[in-house]
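The values are calculated or read from the model by the stated rules, or taken from the named source; none is laboratory data. Just so we're clear, the structure is a prediction, and the values are computed from it rather than from any experiment. Reconstructed Cβ throughout: ideal geometry from the backbone, glycine too, with neighbour counts over all protein chains shown. Accessible surface is based on the protein model in full, side chains and every heavy atom, while ligands, DNA and RNA are left aside. Shrake-Rupley method; radii C 1.70, N 1.55, O 1.52, S 1.80 Å.
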Amino acid sequence: MVVALFFLAYPTAMEGMSPENFIYPFIASMALVISIYSAISFSDNISDEFEKGTGLIMLVQPVPRTTLFAGKFVAAFIPGLILIAIYYLISIMICSSHWHGQFPTTVWMSMMLSIVYLFAALGVCGLISSISSNSSLSLVVSLLLLVVSSFYFANVNLITEPWYVLTYDSKILSDSILNVQTVFDSSMSTYAYHPLLSTSVMMMGIYGTISTAFAMVFFRYKEI
Amino acid sequence: MTFSLELDSLTKYFSKDKPAVRDLSFKVSKGEFKALLGVNGSGKSTTLKMCCNLLEPTSGKVLINGVDVRDDPSEALVHLGCVIETPSLYKDRTAEESLRYLCRLKGMTRESSTSESFRVLERVGMSPSFNIKFGKMSKGMKQRVVLAQALIGDPSILILDEPTSGLDPVGVNELESVLTGLNAEGMSILMSSHRLHEVERTCENYVFIRNGRKVSEGNVHEKEGQGGIVVLFSRPLSDEEVVRVKQIPGIGEINGVSATVASVDNESREAIMRALVLENLPVCGMESRGGLEAMFTEVGDSE
């Protein structure tokens with residue numbers, strides 16, 4: 001919204017810009033929004049049950065624990081989808097209002113990638129929440145892993161590409177708008193890295209699948 | 001005979017060397033009101049948690065209406081209502097909202113969830129229109145709502161872990177009358193409690209465990225009067241007073257502010273009281289001690 005107001009106040013700032021360049025700053029913060037949403041909505045969801053005594057009622061219901069976990073996951077995933085949809089819709093509306101109905105078609109790809117990242121981020125938060133019995137601790141660890149680490153990996157100099165880091169892979173959400181993918185060479189050593197689309201999708205999928213599966217197993221066998 | 005609850009050689013180890021529950025077996029038959037007794041740390045809560053599938057036994061099994069709670073928890077738990085330790089509902093929801101949600105988890109339709117949540121709230125003496133969020137309720141109200149959730153679906157067995165802890169005497173009486181009413185309607189109840197008078201008032205049978213092992217099982221009322229008579233003093237006796245008390249015929253052991261009376265006939269008791277008063281000792285009364293209390297004391301002394 002701040003960026004949109006800036007462009008409205010200074011229309012000349014848009015001169016020479018393409019729709020892709022215009023929408024990029026809006027989408028650039030999408031990964032951070034998803035990370036914060038996931039940490040707040042899901043990282044204490046399971047540990048809370050064990051910490052505050054609600055689990056003593058919920059876990060004695062005649063419902064398999066895997067179903068309970070799936071219900072919690074879906075209950076966090078659906079509002080996340082709505083958040084993503086609203087975010088992209090606003091971005092598209094602002095962009096098309098300035099570009100006479102035009103907006104970059106790469107935004108759809110970015111939106112799909114955001115959904116994959118939401119799956120991965122919720123999976124990681126779910127795993128932390130299942131392992132921990134302290135909701136404050138799981139919230140802090142989730143924020144450290146998903147939010148603080150994204151700033152770290154965006155700014156630190158690295159000798160090799162950190163393709164295995166989820167928050168680094170999440171850069172693809174905005175990079176896909178401009179279709180920026182770095183072709184690596186040995187001289188690169190800084191934050192100039194941009195993840196490859198295939199690698200990012202694969203890593204986000206792996207993070208999401210494995211962490212969700214492990215979270216479900218931990219929840220299934222956790223004793224209270 | 002069919003049993004509502006069967007514990008078969010139940011064992012639970014939290015660490016390798018010391019089991020919390022050891023080879024524990026007992027049954028709760030249909031319509032029975034049984035108390036699970038034991039001092040703190042004897043394994044009562046661990047046992048009840050295993051019955052509710054909150055803990056996995058190291059060995060042994062729990063059957064609810066003949067269904068193994070580990071093999072088929074969904075089928076076994078549908079017959080069970082429980083209140084373990086200090087459970088909580090979601091703090092930002094009203095009692096009725098939480099109960100409707102739990103009804104839905106038990107597979108009820110939206111319409112029947114509403115009527116069932118009303119029914120269980122009324123059963124524990126609460127108005128369904130009661131519109132306070134759980135987080136803002138008093139302890140007594142919370143306890144009632146928590147009991148109400150255990151009654152959803154009219155379970156055949158109720159497992160309660162010290163349900164009256166923290167309640168005032170009025171709350172205890174109300175809860176007791178609800179529980180005895182449910183039991184009279186045919187519901188089986190297994191309840192752990194430290195309040196022995198409450199157990200003697202409400203329960204039919206008991207299981208006494210110590211260090212996770214069953215040490216005694218039987219009828220609560222058969223224990224009545226087996227604890228003997230004790231003389232109570234208003235303060236601890238001095239050494240000189242202890243010597244004088246011991247000289248009175250019929251006085252047994254002296255323990256802190258009480259002394260056991262060996263003979264139980266009325267004449268002997270009157271004679272003992274007269275002697276204590278004549279000796280100018282700080283006697284303030286004489287009471288009959290329940291059998292359960294005596295059992296607790298014996299276990300406490302031997303530990």
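Quick one: buried accessible area between A and B, total over both chains, 1.4 angstrom probe, nearest 100 Å²? Approximately 1900 Å² gets buried when A meets B. Once the Cβ-Cβ distance of residue B:273 and residue B:253 is raised to the sixth power relative to R0 = 22 Å, the FRET efficiency obtained is 0.80.
Within a 10 angstrom radius of each residue's Cβ in A:18-31, how many Cβ atoms of other chains show up on average? Whole number is fine. Intermediate values should be presented prior to the final figure.
Values: counts 0, 0, 0, 0, 0, 0, 0, 0, 0, 0, 0, 0, 0, 0.
Per-residue shielding by partner chains comes out at 0.
Over 18 Å between C-alpha atoms is what I'm after, so list which of A:52/B:142; B:44/B:139; B:44/B:214; B:106/B:136; B:91/B:136; A:72/B:106 land there. Where the Cα-Cα span goes over 18 Å, the pairs concerned are B:44/B:139; B:106/B:136. Angle of helix B:291-302 to the longest C-alpha principal axis of chain B, folded into 0 to 90 degrees and rounded to 10: 80°. Label positions at residue A:163 and residue B:184, each projected 7 Å from the Cα along the C-beta direction, are separated by 7.5 nm.
What does the charge count near residue B:147 come to, summing +1 for each Lys or Arg and -1 for each Asp or Glu among other residues with Cβ under 11 Å from its Cβ?
Working: positive: B:123, B:142, B:144; negative: B:174.
Net local charge, residue B:147 excluded: +2.
In the protein assembly as shown, how does Rg compare with the Kirkwood Rh, expressed as the Rg/Rh ratio over alpha carbon atoms?
Details: Rg = 32.5 Å, Rh = 27.9 Å.
Rounded to two decimals, Rg over Rh is 1.17.
Assuming a viscosity of 1.306 mPa s and a temperature of 10 °C, what translational diffusion coefficient in µm² per second does Stokes-Einstein assign to chain B, Rh being the Kirkwood radius over Cα pairs?
Numbers: Rh = 21.5 Å.
Taking Rh from Cα pairs, D becomes 74 µm²/s.
Think of a 1.4 Å ball rolled over the protein heavy atoms: segment B:171-276 then has 50 Å² of accessible area per residue.
Name the shape class, rounded, prolate or oblate, that the alpha-carbon gyration tensor gives for segment A:59-161, where a ≥ b ≥ c are the square roots of its eigenvalues, rounded holds for a/c under 1.5, and otherwise prolate holds if a/b is larger than b/c and oblate otherwise.
Oblate is the answer for segment A:59-161, as a/c is 1.5 or above yet b/c matches or exceeds a/b.
Placing a label point 7 Å from the Cα of residue A:109 along the Cα-to-Cβ line, the residues of segment A:166-180 whose backbone N sits under 13 Å from it are A:172-180. With a simple spin-label model that places each label point 7 Å from the Cα along the Cα-to-Cβ direction, the separation between residue B:217 and residue B:40 comes to 2.8 nm.
The packing ranking, built from the mean of other Cβ atoms within 10 Å per residue, places the peptides A:116-127, A:33-44 in the order A:116-127, A:33-44, highest first. Please report the carbon-and-sulfur percent of the accessible area for chain B; probe 1.4 Å, protein heavy atoms only, DNA, RNA and ligands left out. In chain B, the share of accessible area belonging to carbon and sulfur is 48 percent.
A Förster radius of 51 Å, combined with the Cβ-Cβ distance separating residue A:214 from residue B:122, puts the computed FRET efficiency at roughly 0.70. The residues neighbouring residue A:28, those whose beta-carbon lies less than 14 Å from its own, together hold a net charge of -1 under the Lys/Arg +1, Asp/Glu -1 convention. Surface exposure of chain A, expressed per residue as accessible area with a 1.4 Å probe, stands at 46 Å². Shape class of segment A:78-224 from the alpha-carbon gyration tensor: oblate, with a/c at 1.5 or above and b/c at least as large as a/b. Which angle from 0 to 90°, rounded to the nearest 10, does the C-alpha axis of helix A:197-221 make with the longest principal axis of chain A? Tilt relative to chain A: about 20 degrees.
Counting only DSSP H runs of at least 4 residues, each contributing -39500 (n - 2.57), and dividing by the residue count of chain A, the helix-based mean residue ellipticity at 222 nm comes to -21500 deg cm²/dmol. May I ask you to find the residues of segment A:208-224 that are shielded by at least 40 Å² of accessible area once the whole protein assembly is considered instead of their isolated chain (probe 1.4 Å)? At a threshold of 40 Å² (probe 1.4 Å), the residues of segment A:208-224 that become less exposed are A:223, A:224.
When peptides A:152-161, B:98-107, B:75-84 are ranked by their average number of other Cβ atoms within 10 Å per residue, the highest-first order is B:75-84, B:98-107, A:152-161. Extension gain, residue B:168 to residue B:284: 0.36 nm times the residue separation minus the Cα-Cα distance gives 39.1 nm. Averaged over the residues of peptide B:82-90, the number of Cβ atoms from other protein chains lying within 10 Å of each residue's Cβ is 5. Seen from residue A:216, the other residues with C-beta closer than 13 Å to its C-beta sum to a net charge of +4, counting Lys and Arg as +1 and Asp and Glu as -1.
Each stretch of four or more DSSP H residues adds -39500 (n - 2.57); spread over every residue of chain B, this sum gives -10500 deg cm²/dmol at 222 nm.
Take peptides A:54-63, B:56-65 and line them up by average Cβ neighbours within 10 Å, highest first, as a rough protection proxy.
Working: A:54-63: 21.5, B:56-65: 18.0.
Going from most to least packed, we get A:54-63, B:56-65.
Within segment B:26-57, what residues put their amide N at less than 11 Å from the label point 7 Å along the Cα-to-Cβ vector of residue B:70? Within reach of a label on residue B:70, which here means backbone N under 11 Å from a point 7 Å along Cα→Cβ, segment B:26-57 contributes B:55-57.
Provide a whole-number value for the mean count of partner chain Cβ atoms within 10 Å of the Cβ atoms in peptide B:53-64. Before the final figure, lay out each step's value.
Numbers: counts 4, 7, 2, 2, 0, 0, 0, 0, 0, 0, 0, 0.
The shielding value for this peptide is 1.
Taking label points 7 Å from Cα along the Cα-to-Cβ direction, residue B:238 and residue B:56 give a separation of 6.4 nm.
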